[in-house]
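Below is one structure; the comments refer to it alone.
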Amino acid sequence: MLNNAYVPNKGAVQLVCDVNTGYGHSQYSGMNADTDGGTDRDFNWVGGANDLGTDTLFGDDELGPRDLIHSSNSDYQLLLQTDGNLVLYYQGVQATWASQTDGSGAVHALMQLDGNFVLYDSGWNAVWDTGTAGNSNAHVSIQDDGNLVVYNYNTTAALWALW
C-alpha cells in the first residue's frame, strides 16, 4: 500500500505499508533510509488494522493484534500492534500515547469484568494494566478529544485516564 502526502518544510512523503503486518515506513522524496541520517520513520499503519467499529470496550471485550477501536469522530484510534504495544493514534499515523509494551509479547488487550483494562501475553501473563480492578462492569472509551478513559459503570465517573 502506498500513500503520498505533503509535509511542510520537508516536501513530499511516501507512506509505504505492508497490509499483511500493518507495519511500514515513511520516506521523503529523494531520500534513502541508508543515507539520509535517519529521516525515515517507522510506524504502524492503522489502515491495515481490523476496526471493531466502536469507541468503547465493555467487560470481556478484547483487542487482538492489529485490532482497533476509534473515537466517535474517528480522529483517534486505539490499536494493539503486533509488537505488543498498545498505541493511541491521531488520524491514523501520529502516535499520541503508547503503553511502552513493545517486545512484551502482548496479544490481548482485555477490558475485564472487574473493571481493569489489561494487556496480556499469549500465556495470559499481565504486562500492563490501568489498575482499576474492583469496579465491576466498568468500560474503556476513546473520547473525541483523544483521551482514553476507564469509566465506572454506575456513576460514569472516570476511574483512570490518560490526562
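All of the numbers you see were taken from the coordinates with simple rules; none came from a lab. Model, not experiment: these values are computed from the prediction. Positions of Cβ are generated from backbone atoms using ideal geometry, with glycine treated the same way; all protein chains shown enter the neighbour counts.
The HN-Hα couplings worked out from phi for segment 131-138 by the Karplus form 6.51 cos²θ - 1.76 cosθ + 1.60 (θ = phi - 60°) are x, 10, 4, x, 10, 3, 6, 5 Hz, whole numbers, x standing for Gly and Pro.
Compared with the alpha-carbon gap, the fully stretched path from Thr54 to Ser136 is longer by 27.5 nm at 0.36 nm per residue. In a reduced charge model with +1 at each Lys and Arg Cβ and -1 at each Asp and Glu Cβ, segment 50-161 shows a dipole moment near 100 debye about its Cα centre.
Multiply the residue separation of Asp121 and Gln94 by 0.36 nm, subtract the distance between their alpha-carbon atoms, and state the gained length in nm to one decimal.
On the way: separation 27, 0.36 × 27 = 9.72 nm, distance 2.53 nm.
Between Asp121 and Gln94, full extension yields 7.2 nm more.
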